[in-house]
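Asks: I have a structure I would like to understand better, so I am pasting it below and will then ask my questions one at a time.
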Amino acid sequence: MKINLSQLIQGQKGIIEDFDIDHVPLKLLEMGCLPGNEVQLLQVAPMGDPLYLLVNDSHLAIRKETAQAIQVTISDAS
């Protein structure tokens, strides 16, 4: 099932499937937010923004708006 990254539940893992290149900064792509890579939602800030993620053994904080442009498939290993 494809959902956007902002819909993951804390602790849940997903595989990046696709993203809207117009809304995802190049820096995120350079840090491993690419199709086929696993992402895990570690924590959500108290007001719901930003999201704290684990991608390729790197910890990233991204805005919810950006996370909505990244499509993931929920991983069975969640």
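Asks: For the pair Lys13/Ala45, report the inter-label distance in nm, with labels modelled 7 Å from Cα in the Cβ direction.
Replies: Inter-label distance under the simple model: 2.7 nm.
Asks: Mean separation of Cα pairs under 8 Å and 6+ residues apart, divided by the residue count of the range 2-74: what relative contact order is that in percent?
Replies: Once divided by the residue count of the range 2-74, the mean separation gives 45 percent.
Asks: On to the next question. Write down the Kirkwood hydrodynamic radius of the chain, to one decimal in angstroms, obtained as one divided by the mean of 1/r over all alpha carbon pairs.
Replies: After inverting the mean inverse Cα-Cα distance, the result is 12.0 Å.
Computed from the coordinates by the stated procedures, all read-outs in this text should not be read as laboratory data. No experiment lies behind these values; they were computed from the predicted model shown. Virtual Cβ from ideal backbone geometry, glycine too; neighbours counted across all protein chains shown.
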